Every structure is written in structure tokens, then in C-alpha cells.
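Let me begin by presenting the structure, written as C-alpha cells, before commenting on it.
The values are calculated or read from the model by the stated rules, or taken from the named source; none is laboratory data. Remember, predicted model here, so these are calculated numbers, not experimental data. No Cβ is skipped: glycine too gets one built from the backbone with ideal geometry, and neighbour counts run over all protein chains shown. Please note that ligands, DNA and RNA were not included when accessible areas were found on the heavy atoms of the full protein model with its side chains. Shrake-Rupley method; radii C 1.70, N 1.55, O 1.52, S 1.80 Å.
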Amino acid sequence: MERSRAGRALHALLAVLAIVATILFAPACSEPPRGVVLWHPYRGGEEAALKKVVARFEAERGVKVTTLAVPYEAYLSKLEAAIPRGNGPDVFIGPHNRLGEYLLHKLVAPVGDALPDEDVPAYEPVTVDAVTHEGVRWAVPLASKCVALYWDTRLLSEPPRTLEELAAKKGALGAGVWPLAYESHSAYYHAALLHAYGGALFDGGFAMIGPAAERSLEKARELVTSGAAPDEASGDLLKTLFSTGKVAAVISGPWLAADLSDDLPYAVAPLPEIEGVGRMRPFLTVDGAFLSPDGAKREDARALARALGSSESARERAETGKQVVATRAYWARADGERPAADDRHAALLRAFRDASADAIPMPVSTAMNPVWVPAEQAIRKVLRGDATPKDALAEAKARYDDVMRPPPPSPSPAPLVIMIGLGLLAAAVAIVRRVRAPGFRRELEASKPAYKYVAHAAITIFVLVVLPLLAGAVTSFFAGTRDDPRFVGLANYVDILTARGKPLLSHGSFYLTLLVTVAWTVVNVTLHVAIGLALGVALARPMLRLRAVYRVLLILPWAVPSYVTALAWKGMFHRQFGAINALLATLGVEPISWFSKFSTAFTANVATNVWLGFPFMMVVVMGALTSIPKDVLEAAEVDGATRWQAFRLVTLPLLKPTLLPAVVLGSVWTFNMFNVVFLVSGGEPDGTTDILVSEAYRWAFARNSQFGYAAAYAVIIFGLLAIMSRVLGRVGGGEAKEAAS
Amino acid sequence: MNERKPGLLETILVHTVLVAAVAYALYPVLWVVTLALSKTGGTEARVLPLPRGAEDLTLDNFRLVTGVGDPEKGWLFARQLVNSLVVSCATALTAVAIATPAAYALARFDFVGKRTGLRGMLLTQMFPGVASAVPLYLILDALHLLDTRSGLVLVYAATAVPFAIFQLRGAFLAIPVDLEEAAMVDGATRVQAFLKVALPAARPAIAVTALFAFMSAWNEFILAATLLGRESAFTLPVVLQSYVGEYSTQWGAFAAGAVLVSVPVMALFYVAQRQLLSGLTAGGVKG
């Protein structure tokens, strides 16, 4: 019985192996002759339009164009990896405000004869400005994106002229209907208010300061506190509220239209004025066709970039892709034609075109990047009423300036060299002593068979795991970006460990974040193990009905991609619309503003992470329980042990060898689990729920790409965990040491 | 097998605990399902994740993701689904194949460098991989494995191997040595003892390890998007992730895709659990 089952399993396994092998190795390497390669981040209609344009270009010019849609989140890292290696695209489409990063990583070349002087008048002036940097044109402008006012034609008779007029509609619209909704927590959306008052986010440094910025924040707070706009509105929430007639007007971009159903009665108008102040002016981003350094040398690539901006292409992109195209000829012709059937769609695009004329192009500099987080922290603080606009903004500016502090001067490499030298020397001494110890040769001889078992694992791990990590660790001795590193020795470490010269437990300091991280790890792992153990043991009970169903349902949290479930959790914790508060309301509890206090925000993060993590621990326990011989437990029962005694004295010790590695590694992973923190609380309130690794990520991605600093964080985290596991190993006694050492 | 019949009260208690856990596990997932099926989106102050009404129900999001009605897109989706399955299965197999002998050696043999190796492996898990995509890209480029699914599988498997080794070593340590020794007294070689005695006994742990490796490959998208160069080679998470834009996310489509992506995992687990997790070892150990 056992044998035949094993035999069948083996056959099935071999069959799977064969199929896998054929697919893995068969057609993967047949490269077509290289034509022009085009990368873009588009989906849906925009992608379909682009494909048509490309097909026409191929037919006219007789050149093969290979297009690749790359998800936005992986776009920059893929460009950055591929272009310097010559595997990148010739032409790529991206937002103009990333130009600073493209230049920094040497991913672009001037666009040259793809946008010659005689073509310039063919594009909207504001879009040409956006792709021009220091007098050089870097892309062919394709389409502009900015926000405008969507208004519900059932609730409003005409687009509101001023914000105040709109806000005054509160109450007149019916119960539970808001006059306005916008993503009030986002600096991108707040910028429209800020610009109305004559303020700016960025002028080469952090510019959201002074009377204009303060008045814009007061206005935003007034909108929320007066009930004119809901708090904490996310993009998904806006869509729901607007689709269900719960809000009269929303501020959003062309992307919202794609999500709204066709029978919803709405129109789009430029943003309203603020009474006695001026018109709200949103940020403008322009999608452009950029040329990589290799692509710029190729005539076909330049021709493709030029063709993407042509008026035929613009027509396709506007009509199929619903883009607000930058090509003026399209608008001139559309003005003449006025197609009746597609009138609403045309009116929508036109409204966005009108809005873009007044918009302010997003700054190109990479120094703009670190503005967002402190600005948003200030906005949220003011909206919650935790600080006055003046204080919040002063703090935000201080945070920005701190992040942008120039790297320390290159020190002498002596301390670093001495440290590394001492480390190497100690290692060498240890090795030599080991080698010269009596009997080493014999031991080595005896070890030979074992090496046959471990060699391939050692090589794989070394090449694909250790090498990339070492590469990361080395960058921690440098400051600046990856492409322009500057040796700073141990300065990054000194900076972090001295809390950047501020009090040791001040906001965002290494030590404070460490405390949060330790609490985060302990709470999570305890709950993971407790729940996993309880469920694993419960599921192992003899004669349990529905066992298979329970098992499958309980691994659901593991099976559904965490990106979407983490955001479902975030939605559930929303103050006004979340399911948790709705649940509390039925129990008669006041709604909780989950992300305004550390304790509740931390709880929300933990609830999500425990949910994500317990199935794994449960499966480990289930696997481990099956390896416990039944007769041992039976013997315990015969000896008169109670269930609890049997569990504690027999089951638990037997589970230990398999459970312990899972617990040790689970702790390590939780320590570095930045996804949940990032997606659920996002560090709110005010960055207090951030853990060490999210700090490292912020340095790498949100703070002017300071990879060296991020790497130093990573090395310190590594050191801490290494120490922790050794201590745990000591405390846990023999077996723990076995597993952890 | 067990003589003691559980009392009614205890049975009720156990089921209560399990139902509560299922409710906790299911509740957010039901929100995701509602989101996927809704025209107008998900969040609104409601306690139960039920659709707003029949007129709000739609399969459009599923049609959009799978490319129903657009043969070219549908074909691409099918290819990407196959890619995902192949890459994840291959990752599971590769990781187990690499990890099992190493774990066995680490459990049964004494050799020079064993402690260092174990410690080093644990250490690799402690280093947060902030932006390790670019170094990996360089390494795969040097190995001429860029833009191939085998390269991606190798990377996934390598990341899963340290955990797999720890897990399997624990399992081998829990298996009594006498079985293998008895086999070797009967004339089996060490390799035979490993393959014929220890390996079957460790099957549940191998299953868990394989599932773990499978899952890590099944949901990963950053490396897949970075290391693969053609859309027909992309895995499903990459496709899903492309519904997330800079300014907006198509939550409906994303949720529909997430639901689709999790169905094969659930099916796999359902089919495999009886085989893999129901006391095969008890028989093996008793010999």
C-alpha cells in the first residue's frame, strides 16, 4: 500500500518535472532580430492606443518595434538595471518629473531631432516647458495629467465657481452627502490649495512654509472640520462616494473617468477659485517619450519618439487611450469637428486640457522627492488638530533639511581599514588555529562525504543570496547615489547611531524606532505562534469534522496576494467608512480614529500582520505534529497524563526542533516586515509606527536615493539581529542553540 | 487510532475556536471578493461584506483581467498563468532538491564548517534586502540567465533554500536515527538510507517546505518584473501589479486578479493536504 502510493507519487512527480523542464528551457531563448524596443507603464485603453500607433509606425517604416508594459512600481529599478547593461529600451515613456532621477542614473539622452525646433509649436507650450530642463529638451511630450473637478449633474446645476460656494451646499444636498471630496492627506492634492494662496512645495528646497502655506492648511482643515469634505479619503473611497451619489464633487485626474460607469451623470470643470484668493492650481505631470543613451544614437528610435507625438498618434491616444494629449493639432481639429456621438468623452478631455493650461509643472529635481513625506506629515498633523500650521510646517522643513544635509566630507579611510583589517586578522587567526589543531586533517577527510550533500546548496546561497547582500553592505561606506558614490567611511553609521546629533529618543531617531520594532516583533511573533499552535493542535484532533474545509479556509490569508489584503485592512480601519468602526457602532462604541494615535495605529498594523502570518505558523505546526509518533502520546495517556500535561510535557518538546527554526526565522522576518507597516498605517501618526526597515526603505527611495545610508541601516539591523539570535540561543538552552547557532 | 472519544462540550469548544479563526481569516478576503464583484468599489460603512445590491454586481473586473472577448489578451493571460505555475512549481522542486541533502547532512553528519555554515545561513535571513534587485540583475547577466525563467527560478529557489534547510534539518533531527542505522546494518549504503528511509519519513516537512517555496514565488513581482524582459514571460503578480498606477489603482481589477491568483493555491492545498499532512510518518517511523 505504502509502496504503491509512493510509486504513484514518484511517477506524478517525474511527469511534473518533465513538463516544467520543457517549458522552462524550450522557447525562452528565441530572440527576434533586434528592432526598436519601447517600454511603457500603460494599461487598458492607453496601452491599446499605443499598440495601434506602434503598428502604424512599423508598417510605414518597416522596422520591428518590441513593446513591453512594465508595472509602475518596478519601472525605475528595471530601467536603472537594464539601460547601463545595454539591455534596456531605446525609447521609454514616463512622467517628466522623474527626469531628475533619469539624469542622475544616466538613463536618458537629449531628444535631439525627435523634437526639432520646428516641431515645438505643435505642442502645448506648458508641456514643452515640462520636458525642458536647463535649456535642453529631454522628451517628446505625449500627454498631460492634472486634477480637475468632477461634479455630479444631479446634485449641482452648474460647476461651482468658488470653493466656498460649494462648501455652503452642505446640508442642502441631502443627508450624508458631502459637497466635496479629495485626498486631503496627500500633498499632491493639497498642492492645488497651496498654489492658490501663492505658495509652493519646492523652490530648490522645502518651500511649504510661511503665511501662504499656513493659510492653505487652515483652509484644508476648515473643509474637513466643517463637514464640507470627508477625512482620510483614499482614491478608492472617492470613486465609491462619487459613484453612489454621496458626494457632489470630487477632485481627481483623468484616471478616475476610467473607473466611473458610463451611465453616471457627471461633468468635469477646472478647479474652483478660493473666494478673494485666487484659482486653485494643480500640479501638472507630462508623460513624455524619452530616449535612452543607446536609443538616441539610432535613427529609428528617434523616428519612433517623434512619431509617438505626431497628430495621427495623438488622435489615437486621445480617442482610444482617453489621454489629454499634448499635440495641439488634435485639439484644433476636434474644435472644428465636434463629434456628436462621443460628445461627453470629448468634453471631458477638453475640460482637462483647460485645467492643464493653468497647472504648474511638477519640479524635475531629485531634491523634490524628499519633500513629500514631511509635507504630508505636516498636513495630517494639522488636519487632525495635533499642531498649528506654523509649528507643523516648521517641523516639516526641519525634517527636510535634516534629510538633505550634505554628506560629510570624505574622511581618511584609516578607521575603516583598521576595523576591517582587525576583523580579517581575527578570522585568519581563528582559521589557522583550527587548521593547526590536532586531528584537523583527519576531520577534514571524514567531512568529505558530507560536503557532497551540502556543496550545491552552499554555492547557490553564496552566489544568489550572499553576494548581493555583500554588495549592499559595501555601499554603506559611501554617500550619494549609486551612480555617483562618494566614500565616507563610517560616517553613515556614526550618523545613525548618534541619532543624527539630536536627542537619542527624539522623533524618528534610531533608538526610538528600535524600541517600536522590538515591540512589533515580540507582539507579532507571540500571536503568530500562539494562534498557529492552537489551530494546528485543534486541527490535529482525531475525528474532527470538516477538517479539510477548516484547513483550506485558514490558509486563505497566506494565499491571497498581501498587497490587496493589506489595503482591504486599511480600508476596514477607516474612521468614517471602515467596517471595524461600523462594527463598533453596532456595539455602541464611539468610532475610533485608528491612525491618529500610536496605540491604535500599532494595533491596526498588528491585526493585519497577525492575520497575514498565522497560517504559515499553523502549517508548520501541522507538518511538525504529523511527525510525532502516535505511540508516544498514547503512552503518555496510559500513564494517566491529562491532555494539558501531555501537550506541555510530550507534544511541545517534540515540536520544538521543527518549530524553533520557524520561530527564529519568523522573528527575523517580522523584524524586517515593512510591507504591512507601509501599506496599513504608512508610519502614521507622524512616522511613529515606522519600524527600522521602513526607515531604511525611506532612505533608499523617498529621501533622494541615499542608498549608502539605507545600506548602513540594513547592516545595523543585521548586526542587531545577529546579536539577538545569539542571546536567544544562550537563553533558550541546548536545543535553541542547536537551531539558532 | 486514539481511544479517547472527545466529549461533546470539548467538541463544541474546538469548533467555536475554529469558526472564530475562520471568520477572522475570511472577513478581509470577503471584502476583497466584494470589491472584485462591485461596479462602484468596496469601502463604505458596512459591517458585512455583502454587495450593495444586484445592480451593483458585475463580472467586468474578472473579464478585464482574464481578457475575455479579446483573444490576444486572453491568450496572453493563459500564458502568464502557465508561467506562474511553472515558475512556482520549479521553484518548489529546485528549493527542495537543493535543501534536502544539505539539511540531511547538517542533521546527521559532523563536518568541518558545519556550525559556521548554519550560522551563516541564519545570518543571510537577517539582512534586509533593500534594493537587491540591481545586484541580482548583474549576477544573472554574468551567468547569461537574464530574461529566462530558469534564472528567475534559481533566484527564488536560492532565497527559499535557507529556510528550507532549517525546516528540513529540524524534521530530520526529529526522526530517530535507529531506522537508518538498522537499514545500514542490513547492507544499505548511506545514500540509500537517506533516500529510502529518512526521506519518506520527512515527507510532511518536505511538503511544508515545498509549499513555502511555492508561495514565495507565486506572489513575488518586483524581481520578476526586473529580471524578465518579455510580456509573454511575465508571471501573474507582475500583471496584477500593473493595475497599480502612480496616481490611481484599479482596485476592482486588482482584487479580481488577486482572487483568481489565490484559487490555484487553495486548490493545490486542498488536494495535497490529505496526502501530505495526515500522519504518513507515523507509519514510517514504526517501520
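Details
- Out of A:R333, A:R405, A:R344, one residue alone is surrounded by fewer than 15 Cβ atoms within 10 Å (Cβ to Cβ) and in contact with a Ser or Thr (Cβ under 8 Å, 6 or more places away or on another chain). It is A:R333.
- Yes/no for A:D484 being in a loop (DSSP other than H, G, I, E, B), touching a helix residue (DSSP H, G or I) at 6+ places or on another chain (Cβ under 8 Å) and of a type in the set (D, E): yes
- Of the residues contained in the range A:500-517, none is found to be within 9 Å of chain B (Cβ to nearest Cβ) and without any contact (Cβ under 8 Å) to a residue 40 or more places away in the chain.
- Residue match in the range B:115-124 (condition: closer than 17 Å to B:F212 by Cβ and open to solvent by 10 Å² or more (accessible area, probe 1.4 Å)): yes
- Matching helices (runs of 4 or more DSSP H) fully within the range A:636-736 where at least 3 residues are out of contact with any Phe, Trp or Tyr (no Cβ under 6 Å at 6 or more places or on another chain): A:643-646, A:652-671, A:707-731
- Counting the residues of the range A:560-570 that are part of a helix (DSSP H, G or I), facing another protein chain (nearest Cβ under 7 Å) and modelled with pLDDT of 85 or more gives 3.
- Scanning the range A:387-437 for residues that are more than 17 Å from A:A187 (Cβ to Cβ) and in a loop (DSSP other than H, G, I, E, B) turns up A:T388, A:R405, A:P406, A:P407, A:P408, A:P409, A:S410, A:P411, A:S412, A:P413, A:A437.
- Conditions (1) surrounded by 15 or more Cβ atoms within 10 Å (Cβ to Cβ); (2) within 26 Å of the chain's Cα centre (by Cα); (3) away from chain A (no Cβ under 11 Å): number failed by B:W75: (1)
- Selection from the range A:582-602 of residues that are closer than 17 Å to A:P685 by Cβ, out of contact with any helix residue (DSSP H, G or I) (no Cβ under 8 Å at 6 or more places or on another chain) and either in a helix (DSSP H, G or I) or of a type in the set (S, T, Y) (or both): A:F598, A:S599
- Residues of the range B:174-185 that turn out to be exposed (fewer than 14 other Cβ atoms within 10 Å of the Cβ), more than 18 Å from A:P653 (Cβ to Cβ) and within 13 Å of chain A (Cβ to nearest Cβ), as a count: 1
- Search result, residues across the range A:374-429 that are of a type in the set (K, R) and in contact with a strand residue (DSSP E or B) (Cβ under 7 Å, 6 or more places away or on another chain): A:K397
- The residue list B:A188, B:A171, B:A157, B:A193 contains one member that is more than 10 Å from chain A (Cβ to nearest Cβ) and either closer than 30 Å to B:R230 by Cβ or part of a helix (DSSP H, G or I) (or both), which is B:A193.
- Subset of the range A:236-253 that is facing chain B (nearest Cβ under 9 Å) and either among the basic types (K, R) or touching a Lys or Arg at 6+ places or on another chain (Cβ under 9 Å) (or both) - its residue that is most open to solvent (accessible area, probe 1.4 Å): A:K246
- Strands (runs of 3 or more DSSP E) completely within the range A:130-188 that count 3 or more residues being within 29 Å of A:P363 (Cα to Cα) and under 33 Å from the mean Cα position of the chain (by Cα): A:139-145, A:148-152
- Residue within the range B:136-146 that is of a type outside the set (D, E), at the interface with chain A (Cβ under 7 Å from one of its Cβ atoms) and without any contact (Cβ under 8 Å) to a residue 40 or more places away in the chain present: yes
- Any hit, the range A:676-695, residues being more than 21 Å from A:A378 (Cα to Cα) and modelled with pLDDT under 85: no
So that you can scan it fast, the table gives a plain yes or no per residue for (1) closer than 30 Å to B:A164 by Cβ; (2) out of contact with any Gly (no Cβ under 9 Å at 6 or more places or on another chain):
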residue: A:R643; (1), (2): no, yes
residue: A:S667; (1), (2): yes, yes
residue: A:F671; (1), (2): yes, yes
residue: A:A710; (1), (2): yes, no
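- Selection status of B:A225, among the small types (G, A, S) and in contact (Cβ under 8 Å) with a residue 60 or more places away in the chain: no
- With respect to the stated conditions, A:V454 is within 14 Å of chain B (Cβ to nearest Cβ) and open to solvent by less than 70 Å² (accessible area, probe 1.4 Å).
- Residue check for A:V606: under 15 Å from A:A530 (Cα atoms) and within 7 Å of chain B (Cβ to nearest Cβ): no
- Among (1) out of contact with any strand residue (DSSP E or B) (no Cβ under 6 Å at 6 or more places or on another chain); (2) within 14 Å of chain B (Cβ to nearest Cβ); (3) part of a loop (DSSP other than H, G, I, E, B) - the single one A:A233 does not satisfy: (1)
- Residue selected from the range B:234-252 under the condition part of a helix (DSSP H, G or I), under 23 Å from the mean Cα position of the chain (by Cα) and more than 7 Å from chain A (Cβ to nearest Cβ), by the criterion surrounded by the most Cβ atoms within 10 Å (Cβ to Cβ): B:L236
- Number of the exception - B:P135 against (1) open to solvent by less than 40 Å² (accessible area, probe 1.4 Å); (2) touching a Gly at 6+ places or on another chain (Cβ under 8 Å); (3) more than 24 Å from A:N675 (Cβ to Cβ): (3)
- Within the range A:47-99, being among the aromatic types (F, W, Y) and without any contact (Cβ under 8 Å) to a residue 40 or more places away in the chain holds for A:Y72, A:Y75.
- Looking across the range A:348-386, the residues that are farther than 25 Å from A:D129 by Cα and part of a helix (DSSP H, G or I) come down to A:V373, A:P374, A:A375, A:E376, A:Q377, A:A378, A:I379, A:R380, A:K381, A:V382, A:L383, A:R384.
- Some residue of the range A:585-599 being at the interface with another protein chain (Cβ under 7 Å from one of its Cβ atoms), buried (at least 17 other Cβ atoms within 10 Å of the Cβ) and within 22 Å of the chain's Cα centre (by Cα): no
- Unique residue being out of contact with any Phe, Trp or Tyr (no Cβ under 9 Å at 6 or more places or on another chain), open to solvent by 40 Å² or more (accessible area, probe 1.4 Å) and within 12 Å of chain B (Cβ to nearest Cβ) when the list is A:D203, A:D263: A:D263
- Any chance A:K64 is modelled with pLDDT of 90 or more, in contact with a strand residue (DSSP E or B) (Cβ under 8 Å, 6 or more places away or on another chain) and under 21 Å from B:G74 (Cα atoms): no
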